[in-house]
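**Q** Pasting a structure here, questions to come.
The values are calculated or read from the model by the stated rules, or taken from the named source; none is laboratory data. Here the structure is a predicted model, which is why all the values come from computation and not from measurement. All Cβ positions, even for glycine, are placed from backbone atoms using ideal geometry, and neighbour counts span all protein chains on display. Surface accessibility is based on the protein's heavy atoms, side chains included, excluding ligands, DNA and RNA. Shrake-Rupley method; radii C 1.70, N 1.55, O 1.52, S 1.80 Å.
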Amino acid sequence: MAARDFVEIAPDVPAGLEIGLRNYWYPIALSEEVGRDRPVGIKCLGESLVVWRDEDGRPGVLFDRCPHRAARLSVGRVLEGQLQCAFHGLRFDKTGQCTLIPWEPDDSPSRRDVCAQSYTARELGGYIWAYLGDAERFSPPPLEQEVPQELLNGDEYLWFRMPTEVWDANWLLTIDGGDGFHAVMLHSETQAVEDRAWQGGKVQPASVSLAERRVKILQSSYGVRGIAVDREGRPIHHGHLLDVKGDRFILPCITTNVIRPVPGAEPYVARLWQFPIDEKRTLVQRFVGQRVTTPEAAARWERLFHDVAKPRLEGISREDAMIAAAQGNLATARKHEHLFEPDKSMYEVRQRIKAAFLAGREEKRVAPSRQSLVWPLASPSAAT
Ligand SMILES: [Fe+2]
């Protein structure tokens with residue numbers, strides 16, 4: 001199909017994109033959300049999946065329907081590391097191959113005729129990952145090539161994962177919500193702090209009243225960035241570093257922020273995945289990490305996380321989820337918008353997502369950016 005032949009369900013949204021980009025790795029669950037004793041049902045990219053662990057603890061992911069009579073496999077059980085349908089007892093391995101038909105001999109050749117749709121799965125960095133796509137047309141690239149480097153080296157980086165969240169909004173609206181100039185307004189109370197060096201403990205909110213706050217637009221290495229200022233143009237600390245390496249958005253749905261949450265603290269990197277459950281809900285995974293090379297640095301980062309970063313992220317997440325839901329459904333939101341100049345970086349991300357989706361129709365896969373590596377962080381002094 002030629003690229004121009006697609007139907008749009010909203011401006012810049014070709015039909016099908018509302019339920020995501022296929023042929024990428026997704027962190028579909030936290031490791032601890034999938035135990036050894038029973039399967040777990042998860043919906044991603046509009047598709048119901050079942051996840052479980054084999055006898056070695058390695059994850060398997062199948063389409064959540066028994067190929068016999070279409071019962072959900074996620075209401076079944078795990079036996080000897082295989083997934084058993086609760087209905088008639090067919091068993092499956094991680095490739096989706098049927099391994100047992102209980103009313104036939106254990107080595108019955110009929111088993112070869114029964115196969116559930118399977119997805120390549122891995123566990124890394126405290127997440128269960130699935131390559132959601134058509135592995136025959138686009139074979140899964142090594143997961144290590146497509147995840148942020150912090151997750152590959154636990155000796156060098158220390159990261160904290162936030163709980164899995166479900167937001168009541170289409171994923172494209174949530175990605176739009178990562179623009180670089182809303183934060184100083186939407187997160188004015190959760191991010192802005194007094195311009196005083198951190199000595200440990202909770203931080204003091206900025207004293208400048210909301211009525212006195214304004215936004216100054218800058219062009220940073222990450223694209224458009226709004227910084228908070230008072231009426232006289234004096235900056236109010238929100239913690240965004242303006243000059244860092246790498247792309248802020250990485251396909252299929254990763255947003256990166258480099259944050260110094262309070263003056264005097266070491267910056268951390270926040271990585272955020274936002275991908276569709278279905279066209280109305282988004283699954284959100286987030287971790288924050290620092291590069292730490294000494295036990296003292298690790299202890300300081302742990303303290304910064306619990307005292308400052310964690311409450312900040314919880315507030316930001318609540319506010320971002322609220323505002324994404326407040327835009328209504330995707331088509332309504334896109335039809336009623338009027339973009340301004342500072343929206344251009346957000347708009348460019350939209351175009352990258354759309355181009356990746358259309359490339360898939362042309363039998364091409366757009367690899368995630370390799371410019372995703374932000375370490376070492378640049379310009380340690382510049383944060384606003
Ligand atoms: Fe936000």
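**Q** Provide a single number: the residues in the range 164-178 that are closer than 20 Å to Ala331 by Cβ and buried (at least 20 other Cβ atoms within 10 Å of the Cβ).
**A** Of the residues in the range 164-178, 10 are closer than 20 Å to Ala331 by Cβ and buried (at least 20 other Cβ atoms within 10 Å of the Cβ).
**Q** Further, regarding this structure: Looking at Lys280, is it surrounded by fewer than 18 Cβ atoms within 10 Å (Cβ to Cβ), under 20 Å from the mean Cα position of the chain (by Cα) and of a type in the set (D, E, K, R)?
**A** Numbers: surrounded by fewer than 18 Cβ atoms within 10 Å (Cβ to Cβ): yes; under 20 Å from the mean Cα position of the chain (by Cα): yes; of a type in the set (D, E, K, R): yes.
It is true that Lys280 is surrounded by fewer than 18 Cβ atoms within 10 Å (Cβ to Cβ), under 20 Å from the mean Cα position of the chain (by Cα) and of a type in the set (D, E, K, R).
**Q** Among (1) at negative phi; (2) away from the ligand (no atom under 16 Å from the Cβ), which single condition is Gly200 missing?
**A** (1)
**Q** For the structure I just gave you, tell me whether Glu144 is assigned to a helix (DSSP H, G or I) and away from the ligand (no atom under 16 Å from the Cβ).
**A** Considered against the rule, which asks whether it is assigned to a helix (DSSP H, G or I) and away from the ligand (no atom under 16 Å from the Cβ), Glu144 comes out as yes.
**Q** Moving to a separate point now. Which of the residues that make up the range 58-89 are open to solvent by less than 90 Å² (accessible area, probe 1.4 Å), assigned to a loop (DSSP other than H, G, I, E, B) and without any contact (Cβ under 8 Å) to a residue 24 or more places away in the chain?
**A** Asp64, Ala70, Ala71, Cys85, Ala86, His88, Gly89
**Q** Test Asp176 against the criterion of being within 13 Å of the ligand (Cβ to nearest atom), within 18 Å of the chain's Cα centre (by Cα) and acidic (Asp, Glu), and give yes or no.
**A** yes
**Q** If you check Val50 against the conditions, is it aliphatic (A, V, I, L, M), open to solvent by less than 10 Å² (accessible area, probe 1.4 Å), more than 20 Å from Gln97 (Cβ to Cβ) and in contact (Cβ under 8 Å) with a residue 24 or more places away in the chain?
**A** Numbers: aliphatic (A, V, I, L, M): yes; open to solvent by less than 10 Å² (accessible area, probe 1.4 Å): yes; more than 20 Å from Gln97 (Cβ to Cβ): no; in contact (Cβ under 8 Å) with a residue 24 or more places away in the chain: yes.
Here the answer is no, as Val50 does not meet what is asked.
**Q** Could I ask something else about it? When both residues are 6+ apart or on different chains and their Cβ atoms are under 7 Å apart, which pairs have a first residue that lies in the range 278-290 and is free of Cβ contacts under 8 Å to residues at least 40 places away in the same chain, and a second that is of a type in the set (Phe, Trp, Tyr)?
**A** From the range 278-290, no pairs qualify.
**Q** If Trp159 satisfies every condition in (1) over 29 Å from Tyr127 (Cβ atoms); (2) in a strand (DSSP E or B); (3) open to solvent by 30 Å² or more (accessible area, probe 1.4 Å); (4) touching a residue at least 24 places away in the same chain (Cβ under 8 Å) but one, which is the exception?
**A** All conditions are met except number (1).
**Q** Another question, then. Hey, could you check the range 185-195 for residues that are more than 10 Å from the ligand (Cβ to nearest atom), not hydroxyl-bearing (Ser, Thr, Tyr) and not in a loop (DSSP other than H, G, I, E, B) and say which is surrounded by the most Cβ atoms within 10 Å (Cβ to Cβ)? Spell out how you get there, then give the answer.
**A** The first filter runs over the range 185-195 and keeps only residues more than 10 Å from the ligand (Cβ to nearest atom), leaving 188-189, 192-195.
Next cut, not hydroxyl-bearing (Ser, Thr, Tyr) only: 189, 192-195.
Remaining after also requiring not in a loop (DSSP other than H, G, I, E, B): 189, 193.
Details: Glu189: 11, Val193: 22.
My answer is Val193.
**Q** Within the range 196-229, track down each residue that is outside any strand (DSSP E or B) and hydrophobic (A, V, I, L, M, F, W, C).
**A** First, pick out the residues of the range 196-229 that are outside any strand (DSSP E or B): 196-204, 206-213, 221-222.
Listed by number, the residues that qualify are Ala197, Trp198, Val203, Ala206, Val208, Leu210, Ala211.
**Q** Another question, if that's okay. Could you list, in sequence order, the residues of the range 298-343 that are farther than 24 Å from Gln204 by Cβ, within 14 Å of the ligand (Cβ to nearest atom) and either among the charged types (D, E, K, R) or open to solvent by less than 40 Å² (accessible area, probe 1.4 Å) (or both)?
**A** Matches in the range 298-343: Ala321, Ala324.
**Q** Among the residues of the range 128-140, is there at least one that is farther than 19 Å from Leu283 by Cα, outside any helix (DSSP H, G or I), open to solvent by less than 40 Å² (accessible area, probe 1.4 Å) and not basic (Lys, Arg)?
**A** Let us first name the residues in the range 128-140 that are farther than 19 Å from Leu283 by Cα, namely 134-140.
Now restrict to residues that are outside any helix (DSSP H, G or I): 134-140.
Still in the running and open to solvent by less than 40 Å² (accessible area, probe 1.4 Å): 138.
Pick out the ones that are also not basic (Lys, Arg) and you get 138.
For the range 128-140, residues farther than 19 Å from Leu283 by Cα, outside any helix (DSSP H, G or I), open to solvent by less than 40 Å² (accessible area, probe 1.4 Å) and not basic (Lys, Arg): present.
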